[in-house]
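Take a look at the structure set out below.
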Amino acid sequence: MIPLLDLRAQYDDVGPEVEAAVIAVLRSGAYILGPSVEEFERNFAAFCGAEHAIGLNSGTSALHLALLALGVGPGDEVITVPMTFVATVAAIQYSGARAVLVDVDPETFVMDPAGLEKAITPRTKAIVPVHLHGRLADMEAISRIADAHGVPILEDAAQAHGARRDGKSAGVFGKAAAFSFYPGKNLGACGEGGAVVTNDAHVAKLVRQLRDWGQEGRYNHVMHGFNYRMDGVQGAALGVKLSRLGEWSRLRREVAAQYNASLENSLVKTPPLAKEDHVWHVYAVRTDRRDQLADHLREHGVSTGLHYPNSVHLQGAYAHLGYREGDFPVSEQLAKTFLSLPIYPELTPEQIARVTDAVHGAKCLQEGA
Ligand SMILES: *Cc1c(COP(=O)(O)O)cnc(C)c1O
């Protein structure tokens with residue numbers, strides 16, 4: 001069976017180095033924050049071309065603290081998209097603000113700037129574009145609108161480490177950015193992890209305080225804070241993997257290009273290719289017969305995934321936002337038709353061919369089947 005993602009293949013490559021770095025932390029006793037996290041923060045900030053990176057215990061915490069550092073709270077509105085992982089909307093709710101949703105673009109699956117413009121009100125305190133599947137949102141158009149209204153942008157870059165456009169990386173297009181290092185992300189810890197990236201010294205200082213009980217000096221709690229610190233072993237493991245990330249992104253782009261070339265004349269719709277502004281966390285094709293295709297691929301030894309089968313506005317947990325089926329037709333249609341194929345840097349040409357052969361052989365996609 002070809003897995004959707006093969007973390008063991010990655011470990012075969014980096015395992016010995018990760019183990020050495022992790023053992024050094026275990027022997028040092030610096031289990032929370034400490035030198036390994038500080039070094040990773042410096043290197044990750046440099047990787048993004050940003051001034052500051054603050055290591056946290058998850059991407060969700062990164063979204064939460066970045067919103068608080070931007071001054072978002074009860075009574076405010078934060079605009080994001082329904083076609084995302086639930087964490088984006090959950091973090092807005094953690095801050096006390098109300099999530100206002102706008103649909104995504106049908107071709108690129110990221111925030112539709114025209115919808116954004118219409119959704120802005122005097123209560124809008126932040127805009128959270130999601131770089132879905134690893135593709136940068138339309139940051140030029142979104143920034144123009146945000147600047148015109150004086151509203152800060154928080155990038156949800158949880159899926160887009162190292163995605164670049166015009167020499168800039170995900171993480172520096174807005175006032176702040178949230179990254180996740182969940183193991184399955186393009187840069188994954190050996191457990192949970194996340195970071196806020198920013199060029200704003202004030203935001204960086206606030207996030208550092210908020211992650212560590214709102215302390216300014218030991219036991220001097222100047223604000224209501226949280227226990228959101230990154231573990232030393234995660235900093236060490238991430239530091240090793242970060243040195244490979246550029247190469248891994250290049251390999252992901254190659255896999256995507258091979259899939260697109262091979263599936264061009266198939267009965268599924270392929271995602272539009274992109275240059276460096278896509279790091280292919282997910283490679284999703286579209287078909288009205290998504291479930292049948294998933295069954296067929298499973299029978300032929302290919303795992304698939306759904307990212308995401310339910311748009312957030314239709315989840316029971318967010319019914320109170322007051323949205324209904326039909327409110328975001330593009331997101332709803334994508335949720336019904338997306339099917340994610342295996343993608344990871346170690347995927348071999350033989351495996352890629354097995355996946356695309358299996359798609360071409362899917363009789364269920366044919367008219368009248
Ligand atoms: C993974 C993810 C998150 C949450 O990150 P965690 O580290 O799992 O908390 C937030 N937003 C998006 C788009 C994600 O993919």
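The values are calculated or read from the model by the stated rules, or taken from the named source; none is laboratory data. Please read these numbers as outputs of a predicted model, since none were measured by experiment. So basically every Cβ, Gly included, is an ideal-geometry build from the backbone, and we count neighbours across all protein chains shown. With ligands, DNA and RNA removed, areas are computed over all heavy atoms of the protein, side chains included. Shrake-Rupley method; radii C 1.70, N 1.55, O 1.52, S 1.80 Å.
For segment 115-155, the Kirkwood hydrodynamic radius comes to 10.6 Å, computed from all pairs of different C-alpha atoms. Working from the Cα coordinates of segment 248-305, the gyration tensor eigenvalues give, after taking √(5λ), semi-axes of 22, 13, 10 Å in decreasing order.
Between the beta carbons of residue 114 and residue 337, assuming R0 = 22 Å, the FRET efficiency works out to 0.50 to the nearest 0.05. Counting only protein heavy atoms and a 1.4 Å probe, the chain has 42 square angstrom of accessible area per residue. For the residue pairs 185/275; 275/336; 241/336, the alpha carbons lie more than 25 Å apart in 275/336; 241/336. Note on segment 199-325: percent of Cα-Cα distances in each 10 Å bin, starting at 0 and stopping at the bin with the largest distance, equals 10, 20, 24, 27, 15, 5, 0. Counting only Cα atoms, segment 2-154 measures 54, 39, 26 Å along its principal axes, largest extent leading.
What would the Debye equation give as log₁₀ I(q)/I(0) for segment 9-76 at q = 0.17, 0.19, 0.22, 0.24 Å⁻¹, counting only Cα atoms as equal point scatterers? After summing over all Cα pairs, the log10 values are -0.83, -0.95, -1.09, -1.14. Each 10 Å bin, from zero up to the one with the longest distance, holds this percent of the alpha carbon pairs of segment 135-283: 10, 31, 32, 19, 6, 2, 0. Here the chain has 51 percent of its accessible surface on carbon and sulfur atoms, given a 1.4 Å probe and all protein chains in place. Listed by chain and number, the aspartates and glutamates placed with their C-alpha closer than 14 angstrom to that of residue 363 are 288, 291, 295, 299; residues fewer than eight positions away on the same chain are left out. Full extension of the chain between residue 324 and residue 1 gives 112.4 nm of extra length, using 0.36 nm per residue less the Cα-Cα distance. Cross-link partners of residue 118 among lysines, defined as those whose alpha carbon lies under 22 angstrom from its own and excluding same-chain residues fewer than eight positions apart: 175.
Note on segment 151-268: dipole from Cβ charges, positive end direction compared against 195, 263, 219; the farthest Cα belongs to 219. Shown for the chain are the DSSP H helices of 18 Å or more along their axis, judged by Cα atoms, with a mean Kyte-Doolittle hydropathy of at least -1.0: 7-28, 35-48, 245-263. Here the extension length gained between residue 317 and residue 227 equals 29.9 nm, from 0.36 nm per residue of separation less the Cα-Cα distance. When only alpha carbons of the chain are considered, Rg and Dmax amount to 20.6, 70 Å. Between residue 346 and residue 264, the simple label model (points 7 Å from Cα in the Cβ direction) yields a spacing of 3.1 nm. Residue separation of residue 299 and residue 367 scaled by 0.36 nm, minus their Cα-Cα distance, works out to 22.4 nm of gained length. Here the chain is treated with +1 on each Lys and Arg Cβ and -1 on each Asp and Glu Cβ, and its dipole about the Cα centre works out to around 460 debye.
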